[in-house]
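Have a look at the structure below before the remarks.
All of the numbers you see were taken from the coordinates with simple rules; none came from a lab. A quick note: this is a predicted structure, and the numbers were derived from the prediction, not measured. Please note: Cβ atoms are built from the backbone with ideal geometry, for glycine as well, and neighbour counts cover all protein chains shown.
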Amino acid sequence: MSDEVIPEHQKSLEQFLNLFVDWFFAAIHPIETCRSILSITDEREKNRATLKLVVPAFLVSVVLDLALYQPYGPGLSSKEFYLSCFACLTFALIACGFAIRLSLKLYGVKAALADIMAIYATFVISYLPLVTILSYPSYLRLFSGLSSAKRQGFDVGQTVALLLNQGETIAKSNNFIGMSSGLSSCFLLAITCICSAFMASTVAERFSVSRVKSFSAFAFATMFSLPPILVLQGFISAFIVFRFM
Amino acid sequence: MGSGAKSWRDRMSDRLTPINVAVDSVSFLVATVAWAFLVWCPILVAFALFYLRRTLVTSAMAVLLVTAFCLPLGLLLRWLAHGMIERKRTRLGLSAIVLGLWGILYGFVPLFSQRHLEPRLFEQLGMGILLLCSAAIAAVGSIKSARWSDE
């Protein structure tokens, strides 16, 4: 019986590892990947192909996030802490996707949900680990401030004041965190623009809508929803770390 | 399907070339900045004044002044962004000039100013380089726009 079980396990492991290889190649060739997913006629198959892209990128991002949170968090013992981090990332992804969907609807772009999910997964979620790494300096800045506030026994108001002062001081100083957070924010801006341009172009071609309309919808979604979502995600992350610190 | 009509897959391949994506990214940057000027600037000023507990009249005047400054600028940037998306040569050229000037003024002039030597050095420098790269892409787009319009 064990002889039958072992190949079954091996097969599952192989399939799981293949997901990461597929994701890696999808991240290198996003246009071909998006085109092949959008060409699938069966909606269920399309969603399955999208999910195959989302799962590895999401898992890698969670691992990268945990590596960041771990020194400031309670260590590997608290499951609640890691569950909260996982929920925080999920919230940000779903909120951004929902904002794009809503914005396209507002601009009158009739796009199927499965197609939007495929486009969003190929051009945004595939690059989530890269975005997570580029967000490291900003989060390090935030968490070191929180750690300092916790040590000094500050309340919420004092913590916010400390974070604002510290953020300003670090931004003005030429140390590693100050430098890297400045540069990484520029890279993040560039990546956001490139990914959004890919998505807007694909939506325009796939659904035969005017490019101005498609780009306006994505610009609207980025400008109206991204800042509140990022602020909320930062606030939730800060709260989680502060709570479990 | 007629022989001249391309499927969405072929159109996608034609559109998503590196130079096209670069110009699209720059136009997206300009469009988002335009939205920031049109919406977020007045809101942030109003919020800051509320936080500083200024009187209602002062706050309203300040918000109106900021809106009067930001609204035309936002509309101009939006017009430029739309022109870039449609590959209009003049607007691509104008965008290159605006982005180049902005990059120099924001990223490099503070470096040589005695007063602003220290603050946010790397952020400003990075942003300046990013804006100059965007200006260069817009300029290349402007040069190539004639060819694009023929295709």
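Side notes on the structure shown:
- Helical runs assigned H by DSSP (4 residues or longer) give chain B a calculated mean residue ellipticity at 222 nm of -25500 deg cm²/dmol, each run adding -39500 (n - 2.57) before division by the residue total.
- Relative packing of peptides B:82-92, A:36-46, A:101-111, A:149-159 - highest average C-beta neighbours within 10 Å first: B:82-92, A:101-111, A:36-46, A:149-159
- Each Lys and Arg contributes +1 and each Asp and Glu -1, all at the Cβ; summed about the Cα centre of segment A:1-156, the dipole is approximately 680 debye.
- Residues of segment A:210-245 with amide N under 17 Å of a point placed 7 Å along Cα→Cβ from B:I43: A:217-235
- Net charge of the neighbourhood of A:A221, taken over other residues with C-beta under 11 Å away and scored Lys/Arg +1, Asp/Glu -1, is +2.
- Shielding score for A:216-223, defined as the mean number of other chain Cβ atoms within 10 Å: 5
- Dipole of segment A:12-244 [Lys/Arg +1, Asp/Glu -1 at C-beta], most positive-end residue of A:I37, A:G145, A:V109: A:V109
- Other protein chain C-beta atoms within 10 Å of residue C-beta, averaged over B:121-131: 5.
- For A:T41, neighbours were defined as the other residues whose beta-carbon sits under 15 Å from its Cβ, and their charges (Lys and Arg +1, Asp and Glu -1) total +2.
- Förster-model FRET efficiency, 45 Å R0, A:R44 and B:D14, C-beta, rounded to 0.05: 0.90
- Sorting B:100-110, A:124-134 by average packing, meaning the other beta carbons within 10 Å per residue, from highest down gives A:124-134, B:100-110.
- Entries of A:K52/B:K144; A:K52/A:K110; A:K79/A:K105; A:K110/B:K88; A:K52/A:K105; A:K105/B:K6 with Cα pairs more than 30 Å apart: A:K52/B:K144; A:K79/A:K105
- Peptide A:31-43 is shielded by partner chain Cβ atoms: per residue, an average of 2 of them sit within 10 Å of its Cβ.
- Per-peptide average of other Cβ atoms within 10 Å, ordering B:21-28, B:57-64 highest first: B:21-28, B:57-64
- With the helix formula -39500 (n - 2.57) applied to DSSP H stretches of n ≥ 4, chain A reaches a computed 222 nm mean residue ellipticity of -30000 deg cm²/dmol.
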